[in-house]
Structure formats: C-alpha cells, structure tokens
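Engineer: Just passing along the structure, written as structure tokens.
The values are calculated or read from the model by the stated rules, or taken from the named source; none is laboratory data. None of these values were measured; they are calculated from a predicted model. Here the Cβ positions follow ideal geometry from the backbone for every residue, glycine too, while neighbour counts run over all protein chains shown. When the accessible area is computed, the model is the full protein with side chains, heavy atoms only, and any ligands, DNA or RNA have been set aside. Shrake-Rupley method; radii C 1.70, N 1.55, O 1.52, S 1.80 Å.
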Amino acid sequence: MSDKKATLSIDGKTLELNVHSGTIGPDVIEVSPLTGNGYFTYDPGFVSTAACESKITYIDGNAGVLLHGGYPIEQLAEQSDYLETCYLLLYGKLPNQTEKETFVNKVRMHTMVNDQMSTFFKGFRRDAHPMAIMCGVVGALSAFYHDSLDIADEHHREISAIRLIAKMPTLAAMTYKYTIGQPFMYPQNHLSYSENFLHMMFGNPCEPSNVNPVLAKAMDKIFLLHADHEQNASTSTVRLAGSTGANPFACISAGIAALWGPSHGGANEAVLDMLEEIGDASRIDEFVARAKDKNDPFRLMGFGHRVYKNFDPRAKVMKQAADEVLAELGLENDPLLKIAKRLEQIALEDEYFVEKKLYPNVDFYSGIILKAIGIPTSMFTVIFALGRTPGWIAHWNEMISGAYRIGRPRQLYTGPEKRDFVPLDKR
Ligand code: SDX
C-alpha cells in the first residue's frame, strides 16, 4: 500500500483520503471516511469502483491484456490446459507434475453426483431453458454436503471447490440430456476432463464412447478462455452472496443466474441468434445501422465491453481456434463464420464502433466453435458457466479466506420526503 493521499474539498471542508497502489494498474482512493462526513460516492454500474483487493486476475482494458496469476491468457491458451488453469486460479501458481496429477485425480474422483440429483431434473419441463435448470441443480448440491459447509474451514472450502469444478460438466451434460429425452451418461474415469464432458453430452448407453480429440481440445480451450475475468458481474454476484456467509454452492448458483443475462454470459447465445437472423452478408449493413440507432434497442451482440476498449485478447484466440476447428472439420466455408468475419470487418471500420471503442469480445466467436462441436445454442451460456466456475470459486475462496465484511452498498435517494399515511377513504 502507498502513502499517497487524495484531497477532496467540499462544502468548505477538506478531506484527506488514503490512496493505495497495487502491483500494476490504477491506484485506488479509499473513500470509506466519506460516510462519517455525511457523503456517499455515486457510481452506478460500478464503472470506477474497486470493490475488493485481489491477486487472481488482472485486466488492462486499453492494452487488451488479460493475466491469470501474471500469465498472459494467450500463453495459457497455447501452452496450458483447463484443469492446470483451474489450479493456477485456486492456488496462485502453476502446479508441478506431482501437484498437477494429484489435482487432476482429485477432480476425476468427484465427477459423479449423488443419484438423488437426477430426481431434481424430473421437476422441469423438457423444454426448460438449460440455464434455468442449472441455477436449480447447482444450488441443490448444497443439500448433499452438510458435512463440509463450514466456510471457515479451509478443507471444506477446498473440497467444495473441487466438487464444483468436477461436477459442473456432469450437471451440464445431464441438463442437455434431460432436454432431449436421452438417458444421463456417467463420467468415465479413463477420459480427460473435456473428453469426459463431450462423452456425457453426446455419448449414449448403446455404443462405446467415441470422442473426437480435435473437438475435445477445442472444448478445453473454450473452458480455459472463460475461466476467470476479474470482477465481472457474475463474479461480483458470487462475492456479494459469499459476503453474507452463504455456502459456496448457493453462491455459484447466484453467479449462474447473473451470467444468464444477454449483456453478460447470455451474449454467446445471442450472437448465434443474431448471425442466424442476419442470415446473409447482404443484410449486415441493415443490422449495423440498427445497432447505431439510438431509438432501436438492438445491439451488435458480441461487441463492446465495460473494460476492454481494445480487442478482447480472448476473442483473438477464439477467432484463431474457430478457423482451426472449422478447417479440421471441413467447415471452413461455414456461412455463419463468413458472416461473422464480414460483420467484424465492417464494425471495425465503422466510425460509430471505432469512436465508442466497440471491439469483438469473448462471446463473438465462441458460439461458432460451440456450434461446430455440436453444442446447441441454448447450451452456450451453460458452457460459459462451466468454464467460469473456477474463477467464481477462486474469488469466493480469496474473499472468505481473508478479512471481509458483508457487502452493503448505499444509494442516492430521490423518493418522497417523510409524509403521513392517508386512510383509504381519504385518497
Ligand atoms: C461478457 O465484465 C466482463 O468481464 C464480462 C465478460 C466476462 O468474461 O465475464 O467479459 C463477459 O459479458 C462480455 C460482454 C458480452 N455482452 C455483449 O456482447 C452484449 C453487447 N454489448 C453491450 O451490451 C455492452 O457493450 C456491454 C454490456 C458489454 C458493456 O456495456 P457498458 O460498459 O455499460 O457500455 P454502454 O452500454 O454504456 O455502451 C457505451 C456506448 C453506448 O452508447 P452511448 O449511450 O454512449 O451513446 O456504446 C454503445 C452504447 O449504446 N454500445 C453499443 C454496443 N455496446 C455498447 N452499441 C451497439 N452495439 C453494441 N454491442
């Protein structure tokens, strides 16, 4: 922490506020003394608010930089894998060979869910949105682990993290199988994490597992690219829920609910719906015009970001992965990919998007790969939630393992002043 000070002069008073510096990134001004002087800060959408201190992930939105534990996302995507990145997020360092094998095996030994879980699915309509099911069944996990919900116990926190990372693919695949009326598939311990997920998604009891290694590798990269992203809306939701002392399964369920929105994790599903609605490159200009029209609520899904005012580094990796996966599958002429690339090119040359610094984000190309893998559009945000679980649980654990207080923001009140109640017959 630095010994810098900020001075605020207001109503003839001068307040001196502490300024703290991190390892990299903007300094922060500690504003808590304002309350004692009769003021609140006002920052709708938390555009300029640092809600916590964290060591997990760093983003430089202007430079298009994303670091997990100091490692650039481009290097992790190229040289690491999803479970190794999960370890990095949870423990703050890359595992050595023994640590990695132990962690991978721990996750492998927790991929099954209690058989009673399958009963929860039967309460949903078959056409329920998969995210509605995931909100329910992930929260319901807390009903099975009464023996390890003491959040003050670091071993309970660690086993909960392992269980969530291990069981999200199983629950996600069960959700998909339920919506298509196929039997649930059990995880297979001889398969890797991403192979197992594709086996549980697309396998069936009538034939042996047959997972395409190209698709498993692409799936693993997609999980990795979604693993964490600093204090985004769903992670902040997990932290706020966790600050009340709620159990980790309930907190992750809250994160899943927040992620569902089309402005956040729901954007990958919305991008595919948008590309399919555009249908042909000849209609792109019409949609770009709508996105620029203040009177039209339509936005170009997959573009723009609260923090990135440059290319989202994940989008660059995702675009390259889309090219590779589609070429390996012989789908390089996929019409949606062609529309997406043309749309990106037009948007990046259009002065509206240039002036507002609206670049493709992580959601713009991910849906194209997911579609090529065979994941239905309605499952896209479930895939995002699965990928983001280690980030959510790492932030939850970082908060709970340190000193924290319940999150309780204040407000600028503009409602009526105090007035007496008016009986019904006098209104
Ligand atoms: C994710 O926070 C994270 O880190 C999130 C995430 C993660 O990994 O957790 O990165 C994942 O959520 C990525 C974002 C996915 N969402 C979308 O692709 C939906 C489309 N994008 C927008 O809804 C928007 O860009 C947001 C929600 C992403 C960001 O919203 P902000 O920061 O509140 O910005 P804004 O809405 O105030 O937009 C600034 C201006 C506005 O115009 P003006 O009012 O200044 O005239 O840019 C315009 C907006 O109208 N604008 C767009 C636009 N995005 C912003 N105009 C057209 N199309 C768009 N996509």
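Engineer: Local charge sum around Pro72 (other residues, Cβ-Cβ under 13 Å, Lys/Arg +1, Asp/Glu -1)?
Structural biologist: The answer is -1.
Engineer: Sort the stretch 277-333 into rounded, prolate or oblate with this rule: let a ≥ b ≥ c be the square roots of the eigenvalues of the Cα gyration tensor; rounded if a/c is under 1.5, and if a/c is not under 1.5, prolate when a/b is larger than b/c, oblate otherwise.
Structural biologist: Cα axes put the stretch 277-333 in the oblate bin.
Engineer: Set Lys and Arg Cβ to +1 and Asp and Glu Cβ to -1, take the dipole of the chain about its Cα centre, and tell me which of Ala315, Ile162, Ala218 lies farthest positive.
Structural biologist: Highest projection toward the positive end goes to Ile162.
Engineer: Moving on. If you stretched the chain out fully between Leu348 and Tyr404, how much longer would it get, using 0.36 nm times the residue separation minus the C-alpha to C-alpha distance?
Structural biologist: 15.9 nm
Engineer: Something else about it: Which whole DSSP H helices in the chain pass both tests: a Cα extent of 24 Å or more along the axis and a mean Kyte-Doolittle value no lower than -1.0?
Structural biologist: Helices passing the filter in the chain: 154-180, 380-400.
Engineer: Between Asp11 and Gln411, what is the FRET efficiency for a Förster distance of 22 Å, r being their Cβ-Cβ separation, to the nearest 0.05?
Structural biologist: The value I calculate is 0.60.
Engineer: Still on this model: Between the stretch 178-215 and the stretch 117-163, what is the C-alpha centre distance in whole Å?
Structural biologist: Between the Cα centre of the stretch 178-215 and that of the stretch 117-163, the gap is 21 Å.
Engineer: Tell me whether the stretch 189-282 comes out rounded, prolate or oblate; compute the Cα gyration tensor, take square roots of the eigenvalues as a ≥ b ≥ c, and use a/c under 1.5 as the rounded threshold.
Structural biologist: It is oblate, given that a/c is not under 1.5 and a/b is not larger than b/c.
Engineer: Treat each spin label as a single point 7 Å out from the Cα along the C-beta direction, and report the Ala128 to Asn105 distance in nm.
Structural biologist: That separation, rounded to one decimal, is 3.7 nm.
Engineer: Using the Cβ atoms and a cut-off under 12 Å, what net charge is assigned to the surroundings of Ile151, where Lys and Arg are +1 and Asp and Glu are -1?
Structural biologist: -3
Engineer: Using the crude model of +1 on Lys and Arg Cβ and -1 on Asp and Glu Cβ, and no other charge, please compute the dipole size for the chain relative to its Cα centre, in debye to 20.
Structural biologist: Once rounded to the nearest 20, the dipole reads 1020 debye.
Engineer: How much mean residue ellipticity at 222 nm does the chain get from its helices, if each DSSP H run of length 4 or more adds -39500 (n - 2.57) and you divide by all residues, to the nearest 500 deg cm²/dmol?
Structural biologist: The helix contribution divided over the chain gives -15000 deg cm²/dmol.
Engineer: Let me ask something else. In terms of the Cα gyration tensor, with a ≥ b ≥ c the square roots of its eigenvalues, is the stretch 116-179 rounded because a/c is under 1.5, prolate because a/b exceeds b/c, or oblate?
Structural biologist: Prolate shape, in that a/c is at least 1.5 and a/b is the bigger ratio.
Engineer: Here's something else I'd like to know. Find out how many positive minus negative residues lie around Gln231, taking Lys and Arg as positive, Asp and Glu as negative, among other residues whose Cβ is under 11 Å from that of Gln231.
Structural biologist: Every neighbour counted, the sum reads -1.
Engineer: Ignoring ligands, DNA and RNA, what percent of the accessible area of the chain is carbon or sulfur (1.4 Å)?
Structural biologist: Roughly 52 percent of what the probe reaches on the chain is carbon or sulfur.
Engineer: Continuing with the same structure: Using a cut-off of 23 Å between alpha-carbon atoms, which lysines can reach Lys418, once sequence neighbours fewer than 8 places away in the same chain are excluded?
Structural biologist: Straight-line reach from Lys418, under 23 Å: Lys426.
Engineer: Calculate, for the chain, the solvent-accessible area per residue in square angstrom, rolling a 1.4 angstrom probe over the heavy atoms of the protein chains.
Structural biologist: Roughly 51 Å² per residue, with all protein chains present.
Engineer: Something else now. Determine the gain in length on full extension of the stretch Thr119-Leu34; use 0.36 nm per residue of separation and subtract their C-alpha separation, reporting nm with one decimal.
Structural biologist: Between Thr119 and Leu34, full extension yields an extra 25.5 nm.
Engineer: Next question, about the same structure. How high is the relative contact order of the chain, given as a whole-number percent (alpha carbon pairs under 8 Å, six or more residues apart)?
Structural biologist: Over the chain, the number comes to 20 percent.
Engineer: Between Ala257, Ala172, Val104, whose Cα lies farthest towards the positive end of the dipole of the chain when Lys and Arg beta carbons carry +1 and Asp and Glu beta carbons carry -1, centred on the Cα centre?
Structural biologist: Farthest towards the positive end: Ala257.
Engineer: Considering every pair of different Cα atoms, what Kirkwood radius, in Å, is found for the stretch 130-271?
Structural biologist: 16.4
Engineer: Another one. Given a Förster radius of 30 Å and the C-beta distance between Asp150 and Glu324 as r, what FRET efficiency does 1/(1 + (r/R0)^6) yield to the nearest 0.05?
Structural biologist: 0.10
Engineer: Residues with amide H under 5 Å of Val65's amide H, sequence separation 5 or more or different chain, H placed in the peptide plane at 1.01 Å from N; which?
Structural biologist: Asp60
Engineer: In the stretch 135-294, what is the count of Lys pairs whose alpha carbons are under 26 Å apart, counting only pairs at least 8 residues apart or on separate chains?
Structural biologist: 5
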